[in-house]
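Undergrad: Got a structure for you, written out below as structure tokens; questions coming shortly.
The values are calculated or read from the model by the stated rules, or taken from the named source; none is laboratory data. Predicted, not measured: the structure shown is a model, and the values here were computed from it. No Cβ is skipped: glycine too gets one built from the backbone with ideal geometry, and neighbour counts run over all protein chains shown. Just the protein is used for accessible areas: all its heavy atoms, side chains included, with ligands, DNA and RNA removed. Shrake-Rupley method; radii C 1.70, N 1.55, O 1.52, S 1.80 Å.
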Amino acid sequence: MKKIALVSAVFVCVLMNLPAQDSRAAFALNHYAARNFIAGALSTAELDTVIQAGIRAPSARNGQPWHFTVVRNQALAKRIVPDIADGNALIIVSASGDGKTNGAEILDCGLAAESIYLAAQAIGLGSRIYTGPIDAVNRSLKSDLGLPAGYSAVVLVRVGKVQQVDAASAASSRKAASALVTYK
Ligand SMILES: Cc1cc2nc3c(=O)[nH]c(=O)nc-3n(C[C@H](O)[C@H](O)[C@H](O)COP(=O)(O)O)c2cc1C
């Protein structure tokens, strides 16, 4: 799996006309929101790694306002994201409050989600961030999920095995840097 990720990074280098020694830069650029999940169990070690990455995320005043709920139970996970592939895990990031009005904590939870998202891809898994199911989670699944009292889900990350493909064909297009970036 790691070998395929490396080959894919080198492929992106070639596509982007980067010298081979810039493969680390290419690696930083080749993440994408997976669609091509395949069935396959995740090991506890894989899940521990991505959770540790979430715990390592930066937060305002190092407040670390998050709680991580790792949903491995497939029946429960399918009530949240119905089309998951067998073995996918959903990692729900929650924080104290209603999940909508606690602005700084929501940003922190978003950063934790991004850290999980990137860590999963760094170890050869696929990942995708979701907010679509969050209102339904907060309406009817808080107790089934055992969220801490007074907490609401903010965002979730789906993690699972993927059919490896090169990032250039997997990622959606992006706006041009020239339209987004100002250097002074
Ligand atoms: C805050 C946030 C919420 C998202 N919510 C959903 C979602 O509810 N359902 C979904 O399929 N994808 C969701 N996505 C994934 C985005 O659609 C995806 O990251 C974007 O299309 C870029 O995809 P790419 O990196 O593969 O090009 C979400 C992403 C973010 C950052």
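Undergrad: Can you send over the carbon and sulfur percentage of the accessible area for the chain, probe radius 1.4 Å, protein chains only?
TA: Taking all protein chains in place, the chain shows 56 percent carbon and sulfur surface.
Undergrad: So, one more: Accessible area of Y130, 1.4 Å probe, to the nearest 10 Å²?
TA: 40
Undergrad: Here is a follow-up. Given a 1.4 Å probe and the protein chains all in place, what does the accessible area of K100 round to, in Å² to the nearest 10?
TA: My reading of the accessible area for K100 is about 140 Å².
Undergrad: Report D166's accessible area, 1.4 Å probe, all protein chains in place, as a number in Å² to the nearest 10.
TA: Counting only protein heavy atoms, D166 exposes about 40 Å² to solvent.
Undergrad: Next question. If I model a spin label at A171 and Q52 as a point 7 Å from the Cα along the Cα→Cβ vector, what separation in nanometres do I get?
TA: Distance between label points: 2.7 nm.
Undergrad: On a 1.4 Å probe surface of the protein chains, which of L147, L90 comes out largest in accessible area, and what is the full order?
TA: The ordering from most to least exposed comes out as L147, L90.
Undergrad: What angle do you read, to the nearest 10 degrees and between 0 and 90, between the alpha-carbon axis of helix 44-55 and the longest principal axis of the chain?
TA: 80
Undergrad: Let me ask something else about it. Defining a contact as two alpha carbons under 8 Å apart and six or more residues distant in sequence, what relative contact order in percent does the chain show?
TA: 30
Undergrad: Moving on. Given a 1.4 Å probe and heavy atoms of the protein chains only, how would you sort R61, R79, R174, largest accessible area at the top?
TA: Order by accessible area, largest first: R61, R174, R79.
Undergrad: Probe radius 1.4 Å, ligands and nucleic acids left out: which of K175, K184 has the largest accessible area, and how do the rest follow?
TA: Sorted by accessible area, descending: K184, K175.
Undergrad: Could you report the range 33-166's accessible area per residue, 1.4 Å probe, as an integer in Å²?
TA: Counting only protein heavy atoms, the per-residue value for the range 33-166 is 46 Å².
Undergrad: Hey, another quick one. Helix 103-122 versus the longest principal axis of the chain: what is the Cα-based angle in degrees, 0 to 90, to the nearest 10?
TA: It is inclined by approximately 50 degrees.
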